[in-house]
Amino acid sequence: MEFTQEQLSIYRALLTATKSLAQGNTPNEVLSAACDALVASSAHICLAWMYLGNPASESITPSYSVGRASGYTHGLVLDLSEEAKKGPGRRSLENNEPVLVKIHTDLSFGIWRDNAIQYGLQEGLTLPIGDPNHPFRGLIVVFVDTPDYFEQVGIEPFIAFSELATVSLDQARLKISLEEMASIDPLTALLNRRAFQEVINREYANSQRTTKSFSFILFDLDRFKMLNDNYGHDIGDKFLLGVSEVAKQTLRTSDWLCRWGGEEFLALLPDTDEQDAFKIAERLRNKIEKLSIQFNAQKIKATASMGIASYPRDGDSSEFLIKAADAALYEAKKTGRNRVVAAKDKREIYSIAAKLSQAIESNRLVPAYQVIVDLKTRIPVAEEALARLIDESGNVIAAADFISAAMELQLTHLVDYQIIRQTMRHCAENIAGGGEQIAHFVNISADLMLHQNLIQNLFDEAQAACISCGVDMGPMKPLVLEITERQLLGDAKAVKAKLAPFIDYGMRLAIDDFGSGYSSFQYLADLPVSFLKIEGSLIRQVKDKRIRKIVKRISDIAKDLQLISVAEFVEDEETVEILCDLEIDWAQGYFFGHPTLIKNL
């Protein structure tokens with residue numbers, strides 16, 4: 001081997017790598033680029049691997065390796081044992097100096113020797129990367145297949161590599177720090193949601209590459225609104241600060257934490273399965289329960305509910321895993337609060353959600369239309385679009401069998417979006433074909449309201465549909481947006497702002513399940529409502545004298561406000577007659593017709 005030529009090859013690789021190292025966006029990208037350049041520089045360099053982390057508190061394992069002998073790094077661990085501390089990796093970090101070992105003779109390499117020899121490794125050079133005073137440091141380890149290689153070529157070009165990598169690593173770390181400064185939650189000093197998404201993306205990519213698991217813990221304070229209302233926002237902020245401090249002290253140094261929004265926090269636990277995540281979450285829940293804030297002469301306490309989800313057991317994408325953790329958190333709230341619920345306990349929901357996602361992708365989520373009639377004339381005046389899922393065997397699945405799963409995993413916006421789009425096309429085709437112009441009721445959930453891009457898409461498609469039908473319908477359009485008060489949680493003004501383009505365009509609003517919640521009348525005050533759809537359980541019980549009085553009052557309110565009242569779940573003639581006596585305007589239910597699929601798959 002011509003060693004002078006070998007030196008020149010390595011220096012050329014160093015120059016070539018300079019640009020890629022300088023462009024590294026993350027510390028991992030910086031060091032992996034250095035490893036790639038080293039292996040490419042010489043046929044004798046058969047392996048280069050890297051590590052980044054806090055070696056003082058964790059085992060060192062390769063996060064990236066390249067070269068024909070990269071199989072050597074599979075299962076390689078430099079733990080905190082006394083024997084491992086004598087090895088070249090930990091000695092290099094401790095002394096902040098390169099360490100050269102000869103595989104066959106160096107006693108400090110004893111526990112790794114047999115495996116290294118199997119891969120034909122003769123010498124290894126370990127290079128420390130990063131500021132020795134900084135806890136976050138790294139290693140680049142280079143192995144060759146030739147005895148006395150480093151003595152003859154010299155270690156200077158490799159030291160130059162490590163120095164260049166250290167500078168690039170510091171630049172990458174600084175770049176991340178500057179980005180995070182603009183992405184820090186101002187109250188808790190934790191990463192905010194936007195910044196944390198980058199952390200999630202990196203960990204997900206790493207887990208896909210290494211097949212290691214990771215877990216999410218999504219948690220929030222129970223009854224936080226009540227706490228704010230009773231004691232003021234200052235106390236609420238102190239609790240948020242207290243919880244963030246408790247979480248930082250409880251979680252491990254390798255874990256990540258952010259303020260996900262409001263009183264909600266999200267922790268990401270690398271290399272952690274669901275069992276360990278559950279133990280950590282339970283420990284965190286217990287410590288939050290012991291937290292107290294002084295207010296005048298009393299100590300105020302709070303509790304937290306938590307949902308956990310793990311990769312790959314509970315999902316194959318980070319987005320789905322967070323939804324799974326959110327569903328588990330919802331279950332913790334629903335079943336008593338101050339508890340931890342694992343996503344694995346919600347398998348049926350995930351199964352249904354998977355079927356729903358597949359149905360959406362393959363156009364098997366379709367509307368079924370149920371007729372709405374004028375009670376006085378029994379003439380059809382409208383129809384409501386109800387979601388139906390066609391499974392792979394062609395069976396029709398009603399919304400009641402999948403909508404709760406969609407709600408828990410925040411997939412309702414996709415259901416609404418698909419059904420509204422298809423209904424708009426159905427409406428336009430019906431009018432263009434000379435059909436009767438009737439109202440078309442579609443459901444629009446609070447979940448869909450959160451996706452402004454979908455709302456805008458629907459408005460654009462509504463305009464296009466109205467133009468395509470070729471009929472001038474005047475200022476009032478046939479589409480009726482049906483909102484359920486129980487989902488909107490009193491935020492009527494925000495709803496009005498988001499739906500303003502639809503309302504201004506001539507579409508009307510209906511409140512569904514009117515009478516089911518405390519905020520019904522506030523919605524009437526804040527929203528330009530045209531229809532009141534009465535809570536179905538009231539209609540089912542309308543033969544009871546007390547219920548009839550309630551329904552009569554709703555009918556009177558509708559008439560006073562010049563709104564159209566609509567009764568659902570009408571199933572027999574006697575109910576029809578009672579509703580006519582109560583002066584209800586319109587009705588729908590099995591008595592008039594079952595939901596009917598227009599599109600046959």
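The values are calculated or read from the model by the stated rules, or taken from the named source; none is laboratory data. Values in this document were obtained by computation on a predicted structure and should not be read as measured data. Note: ideal-geometry Cβ built from the backbone for every residue, glycine included; neighbour counts use all protein chains shown. Note: areas computed on protein heavy atoms with side chains; ligands, DNA, RNA excluded. Shrake-Rupley method; radii C 1.70, N 1.55, O 1.52, S 1.80 Å.
Collect the residues in the stretch 186-220 that are open to solvent by less than 30 Å² (accessible area, probe 1.4 Å) and within 13 Å of the chain's Cα centre (by Cα), keeping them in residue-number order.
Once the filter is applied, which keeps residues that are open to solvent by less than 30 Å² (accessible area, probe 1.4 Å) and within 13 Å of the chain's Cα centre (by Cα), the stretch 186-220 yields PHE196, VAL199, ILE200, SER215, PHE216, ILE217, LEU218.
Regarding the stretch 447-458, can at least one residue be identified that is of a type outside the set (Phe, Trp, Tyr), farther than 30 Å from ILE349 by Cα and open to solvent by 30 Å² or more (accessible area, probe 1.4 Å)?
Within the stretch 447-458, none of the residues are of a type outside the set (Phe, Trp, Tyr), farther than 30 Å from ILE349 by Cα and open to solvent by 30 Å² or more (accessible area, probe 1.4 Å).
Taking the condition of being open to solvent by 90 Å² or more (accessible area, probe 1.4 Å), without any contact (Cβ under 8 Å) to a residue 24 or more places away in the chain and either within 16 Å of PHE521 (Cβ to Cβ) or assigned to a helix (DSSP H, G or I) (or both), how many residues in the stretch 540-552 meet it?
Qualifying residue count for the region: 3.
Among the residues in the stretch 564-578, are any out of contact with any strand residue (DSSP E or B) (no Cβ under 9 Å at 6 or more places or on another chain), part of a helix (DSSP H, G or I) and crowded, with 17+ Cβ neighbours inside 10 Å?
Scanning the stretch 564-578, I find at least one residue that is out of contact with any strand residue (DSSP E or B) (no Cβ under 9 Å at 6 or more places or on another chain), part of a helix (DSSP H, G or I) and crowded, with 17+ Cβ neighbours inside 10 Å, so the answer is yes.
Could you pull out every one of the strands (runs of 3 or more DSSP E) wholly within the stretch 97-152 that has 2 or more residues that are of a type outside the set (Phe, Trp, Tyr) and open to solvent by less than 10 Å² (accessible area, probe 1.4 Å)?
Because the criterion is at least 2 residues that are of a type outside the set (Phe, Trp, Tyr) and open to solvent by less than 10 Å² (accessible area, probe 1.4 Å), the strands (runs of 3 or more DSSP E) in the stretch 97-152 that meet it are 123-129, 137-144.
Please go through the stretch 266-302 and pick out each residue that is over 13 Å from ALA247 (Cα atoms) and among the β-branched types (Val, Ile, Thr).
Result: THR272, ILE293, ILE300.
Just the residues that are over 19 Å from LEU409 (Cα atoms) and open to solvent by less than 50 Å² (accessible area, probe 1.4 Å), please, taken from the stretch 437-446.
Within the stretch 437-446, ILE438, ALA439, HIS440, PHE441, VAL442 meet the criteria.
Looking at SER108, SER92 in this structure, which one is modelled with pLDDT of 80 or more, hydroxyl-bearing (Ser, Thr, Tyr), within 23 Å of SER59 (Cβ to Cβ) and under 43 Å from the mean Cα position of the chain (by Cα)?
The unique qualifying residue is SER92.
Return yes when TYR231 is open to solvent by 10 Å² or more (accessible area, probe 1.4 Å) and modelled with pLDDT of 90 or more and no when it is not.
No, not satisfied.
Could you check GLU535 against (1) open to solvent by 70 Å² or more (accessible area, probe 1.4 Å); (2) at pLDDT below 95 and say which number it fails?
(1)
Would you list the strands (runs of 3 or more DSSP E) that sit entirely within the stretch 287-404 and hold 3 or more residues that are under 27 Å from the mean Cα position of the chain (by Cα)?
304-311, 340-342, 380-390
One residue is enough: does the stretch 56-76 have a residue meeting the conditions within 13 Å of VAL144 (Cα to Cα), open to solvent by 30 Å² or more (accessible area, probe 1.4 Å) and either out of contact with any Phe, Trp or Tyr (no Cβ under 8 Å at 6 or more places or on another chain) or without any contact (Cβ under 8 Å) to a residue 12 or more places away in the chain (or both)?
yes
Looking for whichever is free of Cβ contacts under 8 Å to residues at least 60 places away in the same chain and closer than 19 Å to PRO380 by Cβ here; the options are SER555, SER530, SER537. Which one fits?
It is SER530.
Taking the stretch 308-319 as the region of interest, how many residues are under 13 Å from ALA353 (Cβ atoms), touching a residue at least 40 places away in the same chain (Cβ under 8 Å) and open to solvent by 30 Å² or more (accessible area, probe 1.4 Å)?
Matching residues across the stretch 308-319 total 1.
Do you know which residues across the stretch 422-436 are open to solvent by 30 Å² or more (accessible area, probe 1.4 Å), within 22 Å of ILE483 (Cα to Cα) and either without any contact (Cβ under 8 Å) to a residue 60 or more places away in the chain or of a type in the set (Val, Ile, Thr) (or both)?
Within the stretch 422-436, just ARG425 meets the criteria.
Looking at ALA382 and the list (1) touching a strand residue (DSSP E or B) at 6+ places or on another chain (Cβ under 8 Å); (2) surrounded by fewer than 20 Cβ atoms within 10 Å (Cβ to Cβ); (3) closer than 27 Å to HIS594 by Cα, which single condition is not satisfied?
Result: ALA382 fails condition (2) only.
For the stretch 458-480, enumerate the residues that are in contact (Cβ under 8 Å) with a residue 40 or more places away in the chain and either part of a strand (DSSP E or B) or closer than 20 Å to VAL415 by Cβ (or both).
LEU458, PHE459, GLU461, ALA462, ALA465, LEU479, VAL480, listed by residue number.
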